[in-house]
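Right, one structure below, let's go through it.
The values are calculated or read from the model by the stated rules, or taken from the named source; none is laboratory data. Just so you know, these numbers come straight off a predicted model, no measurement behind them. As a convention, Cβ positions derive from the backbone with ideal geometry for all residues, glycine included, and neighbour counts pool all protein chains shown.
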Amino acid sequence: MAGYPTGFFKNGVPIGTPYSDVDQQESTGNSTYNGLTINLEKRWSQHFQFLASYTYSHAIDDSTDLQTLLTPQDSNNPQLERGNSTFDQRHRFVFSGVAQSPYSWKDGGWKAFLADWTVAPIFEASSGRPFTVLTGSDYPLQFSSETSRPSVVPSGTPGGVISPYIPGVTFALPNVCPAIPSIYPAALVAANIPATGTGCTGNLGRNTFTRPMFSSFDLRISRKFKVTERFSVEVLADMFNLLNRFNVGDVNPLCDPGAPSGVTAGGTPTCNAGQPTAALDPRTFQFGLKAYF
């Protein structure tokens, strides 16, 4: 057992048995959603229309869905998993509109050049979605390294590590440790203190931090050309993320204070939690042609 206590707790509860973990699945998940939506709309008139929508919301749960990591950090306290939902998005604003030229090709002259144009912009800005910082090591001894979280400690704490992508936060080994029965020798009890984090959980909550915000400006420009009275063609150009903004798709969730990835100029160990690891689509163009007859 790698030097960990073996034998029996009081009342005959064994530790160090040859059995592995036992998974229990039950339909006891709980979630709440509260939201406020404000819409401003101008219906089609005078050759243009628009719709502006803003949503403020907060989704809270103790496990988002079957595709997320369902194992609690501490199986004895699954209620501590309650926090922001993985899909929680606090703010979202969307503006869309359509503007059409008031001129016709029959007007002739410069008006004919401006005839039958349509411009349709879409702008979206939204808050980043939450993520959980994980150690990647099985410090709680839960037979899984997928949900172990570090502890957050005051700046300057010995053994603390920082991430340049989460400023102002210092992480340390898990320091919320269960009490070991007094039947064990003092040496065994002392072996399970936060110095190693073994058998301990972190005080950091689930989905505490958020990814960078998302924003994108899309635009459609089209023009219809009259060929005959009954036949016309429309040329379309769609531009997605026209300003080519870098939108973060995902970030690195790992920060193991027991294995720092480097040190700063001041000698402070660091980790890379929050570092962007994936990007959403860059600027993209799409062209089309429609025929009307």
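Hey, any hits in segment 166-187 for a residue that's surrounded by fewer than 18 Cβ atoms within 10 Å (Cβ to Cβ) and modelled with pLDDT of 90 or more?
Taking every residue of segment 166-187 in turn, at least one turns out to be surrounded by fewer than 18 Cβ atoms within 10 Å (Cβ to Cβ) and modelled with pLDDT of 90 or more.
Inside segment 102-140, can you point out the residues that are in contact (Cβ under 8 Å) with a residue 60 or more places away in the chain and among the polar types (S, T, N, Q)?
Passing the criteria: Thr118, Ser126, Ser127, Thr132, Thr135, Ser137.
Mind listing just one residue for me: the one in segment 72-101 that is part of a strand (DSSP E or B) and in contact (Cβ under 8 Å) with a residue 60 or more places away in the chain and, of those, nearest to Ala59 (Cα to Cα)?
Ranking the candidates gives Asn84 first.
Got a sec? Which of Ser53, Ser63, Ser45, Ser75 is of a type in the set (Gly, Ala, Ser), in contact with a Leu (Cβ under 6 Å, 6 or more places away or on another chain) and modelled with pLDDT of 75 or more?
Of the residues listed, the single one that is of a type in the set (Gly, Ala, Ser), in contact with a Leu (Cβ under 6 Å, 6 or more places away or on another chain) and modelled with pLDDT of 75 or more is Ser63.
Could you tell me how many of the residues in segment 229-247 are of a type in the set (S, T, N, Q), free of Cβ contacts under 8 Å to residues at least 60 places away in the same chain and in contact with a strand residue (DSSP E or B) (Cβ under 9 Å, 6 or more places away or on another chain)?
So the count comes out to 2.
Only one of Asn247, Asn252, Asn241 is within 24 Å of the chain's Cα centre (by Cα), surrounded by 15 or more Cβ atoms within 10 Å (Cβ to Cβ) and on the phi > 0 side of the Ramachandran plot. Can you tell me which?
None of the other options fit; the residue is Asn241.
Go through segment 188-230 and count every residue that is farther than 30 Å from Pro150 by Cα, modelled with pLDDT of 90 or more and not hydroxyl-bearing (Ser, Thr, Tyr).
Of the residues in that region, 6 qualify.
Given the criteria more than 30 Å from Trp44 (Cα to Cα), aromatic (Phe, Trp, Tyr) and surrounded by fewer than 20 Cβ atoms within 10 Å (Cβ to Cβ), does Tyr139 qualify?
No; evaluated as a whole, the condition is false for this residue.
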